[in-house]
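The structure under discussion appears below in the form of structure tokens.
The values are calculated or read from the model by the stated rules, or taken from the named source; none is laboratory data. Source: prediction; values computed, not measured. All Cβ positions, glycine included, derive from the backbone under ideal geometry; neighbour counts span all protein chains shown. Accessible surface areas use protein heavy atoms only, side chains included; no ligands, DNA or RNA. Shrake-Rupley method; radii C 1.70, N 1.55, O 1.52, S 1.80 Å.
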Amino acid sequence: MLAGFCFKGHCILDRKTKVSVAAVTGLSDRARHYEHCGNSGVVLAAFTATGAAALLRHPVDEFFNDAVALDDILRSSTELNRTHQRLAEAPNHTRRIQVVEDFLVACAADAQLDTFVSAAVSKIVEVHGIVCVKELGRRVGLSQSALERRFRKVTGASPKKFASIVRLRHVVHLQARGADFTSIAFAAGYCDQSHFINDFKQITGLAPKSFFQRRTVGKNAEFLQVG
């Protein structure tokens, strides 16, 4: 999940959500569309898998495949408005990142993490998304139904959906190491290459070959990310 903090201009997410202060985007299993107005500027904060729920104190499964203005989630928008003003006045990117970090640290005061979900996330990441949910529940000490209920609220997706996203991230890592698409599909646990291509296209909006060609071209782009 991501939080975006505008310091000038605005952007539009998925052609419907206008962001001029700050917004949160949930986990997604489909391609997203971002439209930035001219001369806009945004600081992106990337949450850990369990971090967004702890900071926002809100069930983040409500944001799956969606984006919402941050002031609609927070109990009080006063500090958010102050943060937006400080961002607009900040003289450089280093200071803007510090402003966002200060805001997030304040939100994280007394945050409580779900240790069961954290353990499940660690296991899914460890095996690159190739996991049986029922066995995962046994490993962390929860029934499958209890794990799925808690997992969705904390991470924003079911264990199965989260695992599929982790698996696709592993695909990107394998490709960066020079593996061919057939080897990648097998190593990522796909039963055949067509299944791999369909999953990949659903999440990225592009076939693997087109995605990685565009990603190579975009490596010179600059962006800010804090976590």
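With a 1.4 Å probe and every protein chain kept in, tell me what percent of the accessible surface of the chain is carbon plus sulfur.
That share works out to 50 percent.
Taking a quarter of the surface of the Cα convex hull of segment 94-227, what do you get in nm²?
The directionally averaged projection comes out at 10.2 nm².
Choose one of PHE200, PHE151, HIS84: the residue whose Cα lies farthest towards the positive end of the charge dipole of segment 79-227 (beta-carbon charges +1 Lys, Arg; -1 Asp, Glu; about the Cα centre).
Farthest along the dipole direction, towards plus: PHE200.
State the extension gain, in nm to one decimal, for the chain segment bounded by ARG82 and THR115, taking 0.36 nm per residue of separation less the distance between their alpha-carbons.
8.6 nm
Please list the non-local residues whose amide H lies under 5 Å from the amide H of ASP29, H modeled 1.01 Å from N, same-chain partners needing a gap of 5 or more.
Here the answer is ASN65, since their amide H atoms fall under 5 Å of that of ASP29.
Taking R0 as 30 Å, what's the FRET efficiency between HIS195 and GLU35 from their Cβ-Cβ distance, rounded to 0.05?
0.40
Using a 10 angstrom cutoff on alpha carbons, build the Gaussian network for the chain and name the most mobile of VAL21, VAL117, VAL140.
Evaluated over the chain, the most mobile residue of the options is VAL140.
Could you state, as a whole-number percent, how many of the C-alpha pairs of the chain are farther apart than 32 Å?
Tail of P(r) above 32 Å: 25 percent of Cα pairs.
Any idea what % of Cα-Cα pairs in segment 30-157 are farther than 23 Å?
45
Sorted from largest down, give the three principal axis spans of the alpha carbons of segment 112-154, whole angstrom values.
Dimensions of segment 112-154 along the principal axes of its Cα atoms: 25, 19, 16 Å.
State in Å² the accessible area per residue of segment 59-114; use a 1.4 Å probe, count heavy atoms of protein chains only, and round to the nearest integer.
60
So how strong a dipole does segment 1-105 carry about its Cα centre when Lys and Arg Cβ are +1 and Asp and Glu Cβ are -1, to the nearest 20 debye?
280
Can you work out the Karplus-derived ³J(HN,Hα) for every residue in segment 132-146? Use 6.51 cos²θ - 1.76 cosθ + 1.60 with θ = phi - 60°, whole Hz, and x for glycine or proline.
My calculation for segment 132-146 gives 9, 5, 4, 5, 4, x, 4, 5, 9, x, 10, 5, 4, 5, 5 Hz in order.
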